[in-house]
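Laboratory data are not the source of any read-out in this text; all were calculated from the coordinates shown. The structure presented is a predicted model; accordingly, all values stated were derived computationally and were not measured. Note that we place each Cβ from the backbone using ideal geometry, even for glycine, and neighbour counts take in every protein chain shown.
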Amino acid sequence: MLHHEVAGQGPAVALLHSTVCDSRMWDREFAALAERCQVLRYDFRGYGSSPLPPEDWSNVEDLRALLDEVGIERAALVGLSGGAFVAVDFALVHPERIRGLVLAAPTFGGLDWSEDVRRFGEEEDKLLDAGDLEGAVELNLRMWVDGPRRPPDAVDPAVRAKVGEMQRRAFEVQLAAEPGRLQRLEPPAAERLADVAAPTLVLVGDADHADVVERAELLAARIPGARQVVLPGVAHMVNLERPEEFLRLVVDFLDSL
């Protein structure tokens, strides 16, 4: 069972969270969009209040089943980071269920990460294996909240604290489980971006990691008709650092559909 919330009436929007967060990252957007739309937010398996299953699972089919459960036929998807990964895959598998895509600080399947990001992953594994949960949380905050070129004191402490709480919860849920495998889309999205048919807005901060900036540029270049907006002085958590600007961009895009 996926923990989820639905509010509001009108054209449907589903909010897909980053994989350093959970659905709480959308607190502001969920409340604001519910005044004009039907809004769904939920925790992926292994995040927030959604446990990992012992069997194999698919984030794409989880979203399809959840849309069916709450009675949403078609939705615009707003995804950030790992949420954008799921949104792109979903748009390729179930194009008839999509009204539009907002892909913020995006990732997608089929591209290799740089040596810098691979080193980050290795260091995270070492900290978790050593039982240093706080060290692993701080490592993620440095990488994904502060970004590669900013010191921690350049970021609102409330943003760091909010993401830290969600990342800590994700580690707790995942370390306590013996799950099946997450099923991935084959062939991966990187080979199929030209097949994405939905109107698409790509958002990225210029202080994000170079790998993410590159992915945003590729999405904007390869998805037909996609538009990109670069937010200056922002790293990975675009909506938390620039909530008013992020919401304005999303609302303007939704109004255009």
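Tabulated data
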read-out	value
Of all DSSP beta bridges in the chain, antiparallel share, percent nearest 5	15 percent
Exposure rule at most 16 other beta-carbon atoms within 10 Å, DSSP loop GluC sites (Glu not before Pro): the chain longest free segment	74-257
Lys, Arg +1 and Asp, Glu -1 on Cβ, resulting dipole of the chain about Cα centre, debye, nearest 20	640 debye
Sum of -39500 (n - 2.57) over DSSP H runs of 4+, divided by residues of the chain (222 nm, nearest 500)	-12500 deg cm²/dmol
Global form of the chain, assessed from the alpha-carbon gyration tensor, a/c cut-off 1.5	rounded
Overall form of the stretch 108-257 per C-alpha gyration tensor (a/c, 1.5; a/b vs b/c)	oblate
Shape category assigned to the stretch 19-82 from the gyration tensor of Cα positions, a/c cut at 1.5	oblate
Cleavage-rule hits, trypsin sites (Lys or Arg not before Pro), the stretch 188-257, DSSP coil, Cβ neighbours within 10 Å at most 14	none
Area projected by the alpha carbon convex hull of the stretch 1-147, averaged over all directions, nm²	9.5 nm²
Rounded Å value of the spacing that divides the Cα centres of the stretch 39-73 and the stretch 135-188	19 Å
